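Have a look at the structure below, then the notes.
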Amino acid sequence: MKIFTKSGSILTAFASLFFSSGFAQTQVIVPNDLKPVNDASSEGWRMYSSGNSTAQLIAVADFGIPANHGPHSIRATRPGGSGVNRSLIGYYEANKTLASLERFSWFRYSENGTDTYLNIFINNGSSIATVVYQPAVTSGGWQESVFNSSISGGLYIRQYNSGVGMVPISYAQLMNQYGSWVIYNHPDGLFTNFIGGLTIVSGSSSPTAAQTHTFDKVSVKFAGANEKVFDFVSAELPPPPAPCAANEVILYEPAKQQDGSDIPAIYADPTQALSYPQNDDNSTTVNAVTLGFGGTLVLKMSSAIKNGPGNDFKVVETSGGLTSAICQRHPERIMAFASQDGCNWIYAGSGCQDVELDLGPLNWASYIKLIDISPIDGIFQGEGTPNGYDVDGVICLNDYEENPVMQDLGAFYAMNYSDFNQYPRKNGSAVPADRSNPANA
């Protein structure tokens, strides 16, 4: 389960998160939690559109809609016109009968149109039918609709191959005649797409008027199971405070680009290296700081990096907007140093692109120094003006040291010198005596 990100990005790989409250569970659904519509068997949510309809996870504030259950919702819209133009958001759980569905509810904000309803697809092994629940729709505000035993109207049954269209039915009659039927994952069209068993619909083939509806906070309660409340989120979840990522810039000394020009300001913000790295080379959003050829960046960690098995920390290089920032195409390199006090450093190693390194003799480290060593005469494919290593972030690989105790690093100091050959200053004069004692090194 991926938890951390620096900035939200739609369509990123995530698992669902659950939060318990009493006997209800809230499940956060982000885009890649949605099941493929060509998958007939997987349980969970699907989102599907046909014709000129669209359905997408959105930030409600972008459309002037007040938040209902958090800042994100599902928005279904169509411009109108002839044809089957529908948006569907469907949920499926295997081996559930209609009678076992104790409650299904959803919130809806309707901007225009009233062609929106709930479909429940059921079968008994030899016949199939659709339960249609179409509550009254009012525009301009959030409304909650509830399918349960208290329904007093707007309920219909459509049994296929019966020669009869939608027939009004009471809830009691529905359960008496169809309660034992199984809710199934319904195929749309020529059995190439599957849209769920419990499906909220926006638009159909008739009427053909424009429709815009936003859906949120769907809850499902089956007999013998806790109620599930679903929160739809259009972007990655914001991260909890990273226990071991860089959180302070100590020094940033950018060098030049390959052509000798300055690093553009948009790439010269060292705070982009703080917090957990986004680690997205395909993003067009700037999420890293550029060092330039020979530039230096010193970062302090939020917690001390722990020396553990294998490599101890990772430096993430992100070249935003590039299809694949592999070293053969983008030879962006650094050498890295680690320190406990920000003054005495050990060399941790070097590498190209994302680099994992070991603390060596250090039990822990709170400071990381990165120096660009990219070849200034190298060939960098797919870039505008090459500008060296782009630091997205630094993170621990072995958790953090809870009780860091400063080591005696005397063994790592320069203890003597074997030669000292001092050159004159630029103007040819001798370096002053107080700057010429090699023991000071």
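The values are calculated or read from the model by the stated rules, or taken from the named source; none is laboratory data. Just so we're clear, the structure is a prediction, and the values are computed from it rather than from any experiment. Cβ coordinates were reconstructed from backbone atoms using ideal geometry, including for glycine residues, and neighbour counts include every protein chain displayed. When the accessible area is computed, the model is the full protein with side chains, heavy atoms only, and any ligands, DNA or RNA have been set aside. Shrake-Rupley method; radii C 1.70, N 1.55, O 1.52, S 1.80 Å.
Side notes on the structure shown:
- Computed packing ranks the peptides 357-367, 36-46, 173-183 as 357-367, 173-183, 36-46, most packed first, by mean other Cβ atoms within 10 Å.
- Dimensionless Rg ratio for the chain, taking C-alpha atoms and the 2.2 N^0.38 Å reference: 1.37
- Modelled FRET efficiency - R0 56 Å, residue 423 with residue 61, Cβ distances, 0.05 increments: 0.30
- Applied to region 60-77, the Karplus parametrisation 6.51 cos²θ - 1.76 cosθ + 1.60 on θ = phi - 60° returns per-residue 3J(HN,Hα) values of 4, 4, 5, 10, x, 9, x, 5, 10, 10, x, x, 10, 8, 9, 10, 10, 8 Hz, with x for Gly and Pro.
- Computed helical MRE - 222 nm, the chain, DSSP H runs ≥ 4 contributing -39500 (n - 2.57), nearest 500: -500 deg cm²/dmol
- In the context of the full set of protein chains, the chain has a per residue accessible area of 47 Å² (1.4 Å probe).
- For residue 312, the residues 5 or more places off, or on other chains, whose built amide H falls under 5 Å of its own are 357, 358, 359.
- Residue by residue, region 101-118 carries 3J(HN,Hα) couplings of 7, 7, 7, 9, 9, 7, 9, 9, 10, 9, 8, 7, x, 10, 8, 8, 6, 10 Hz when phi is fed to the Karplus relation 6.51 cos²θ - 1.76 cosθ + 1.60 (θ = phi - 60°); x denotes Gly or Pro.
- Modelled spin-label separation between residue 265 and residue 42, with each label point placed 7 Å from Cα along the Cα-to-Cβ direction: 4.5 nm.
- By the rule of a C-alpha distance below 16 Å, with chain neighbours fewer than 8 residues away ignored, the aspartates and glutamates paired with residue 35 are 43, 93, 188, 231.
- Residues in region 425-441 carry Karplus couplings, in order, of 6, 4, 7, x, 7, 6, 5, x, 4, 6, 10, 10, 9, x, 5, 5, 8 Hz; the curve used is 6.51 cos²θ - 1.76 cosθ + 1.60 with θ = phi - 60°, and Gly or Pro positions show x.
- For the chain, the relative contact order is 16 percent, taking Cα pairs closer than 8 Å that sit 6 or more residues apart in sequence and dividing their mean separation by the residue count.
- With all protein chains in place and a 1.4 Å probe, the accessible surface of the chain carries 50 percent carbon and sulfur.
- Taking amide hydrogens as placed 1.01 Å from N in the peptide plane, the amide H of residue 250 sits under 5 Å from those of 298, 299, 300, each at least 5 positions away in sequence or on another chain.
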